[in-house]
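One structure is given below, encoded as structure tokens.
Taken together, the values in this text are just the output of simple stated rules run on the coordinates, not laboratory data. Given the structure is predicted, the values throughout are model-derived calculations rather than measurements. Virtual Cβ from ideal backbone geometry, glycine too; neighbours counted across all protein chains shown.
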Amino acid sequence: MHREYTIITDTREQTPLPFPSHLPLLDPNRTAQARTSLTVKLGGRTQKLDAGDYALEGYERICLVERKGSIRELAKNCLTADRTRFIAALDRLRAACLHPYVLVEGTLTDMAQDPSIPDWWTALDSLQRLLLERNIGLILLPNKGAIQRRMIGEWVARLLVNSTLCPILPAITPEEPSCPTMSSLSPPTDPSTSQQKAQT
């Protein structure tokens with residue numbers, strides 16, 4: 001495992017997340033129960049990304065995070081003319097990496113209480129269906145000020161660094177199998193198609 005990483009922030013990010021300069025992590029070479037830690041150094045730079053808003057330099061094919069700054073922005077992406085562009089962005093995200101995520105700075109409470117989003121659950125249903133169709137993870141994190149934004153930045157940094165371990169981390173115990181590699185992932189097979197092939 002490396003002890004120094006660089007987080008790439010897309011040039012189009014209007015309000016980039018703040019990231020810590022050092023990050024204590026659970027040691028991947030020991031069992032989780034040992035609670036042994038190590039510290040990695042984090043640098044940062046800005047670069048245009050073809051997909052997502054955040055990536056780890058050298059590991060762009062492993063994990064990408066697309067950030068949405070508010071629940072209101074997300075609802076607009078799902079329910080207005082912006083939907084087509086949002087779907088295209090999700091498709092690029094899914095095609096670009098092994099672990100794609102959409103991060104929203106907000107909570108379901110924010111969505112339910114926002115008067116500009118009538119029938120807020122329609123936006124939520126639309127979002128969930130789009131993400132489920134593409135196997136993209138969703139992260140909802142509250143943002144009420146500078147402290148919360150720093151915690152969101154740390155959360156993203158941890159996700160990006162931990163994702164680099166997943167495809168290559170060997171099993172520590174039989175109960176903790178290693179994560180799948182990109183080549184081993186394939187879309188689910190339609191049972192009816194499989195039966196037809198078996199009969200021919």
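Some points to look at:
- Summed side-chain charge close to K144 - residues other than K144 whose Cβ falls under 10 Å, Lys, Arg +1, Asp, Glu -1: -1
- Cut-off under 5 Å, modelled amide H: who pairs with I62 long-range: L98
- Phi-derived couplings, Karplus 6.51 cos²θ - 1.76 cosθ + 1.60 at θ = phi - 60°, listed residue by residue for segment 107-120: 10, 5, 4, 4, 5, 5, 9, 7, x, 7, 10, x, 6, 4 Hz, with x used for Gly and Pro.
- Shown here for segment 25-54: trypsin sites (Lys or Arg not before Pro) in loop regions (DSSP other than H, G, I, E, B) with at most 12 other Cβ atoms within 10 Å, namely R35, K48.
- Under 5 Å, built H, 5+ apart or other chain: amide partners of S70: E105
- For G44, distant residues with modelled amide H under 5 Å away: I7
- Gained length - E57 relative to L26, 0.36 nm times residue gap less alpha-carbon distance: 9.1 nm
- Rh (Kirkwood; distinct C-alpha pairs) - segment 1-140, Å: 16.6
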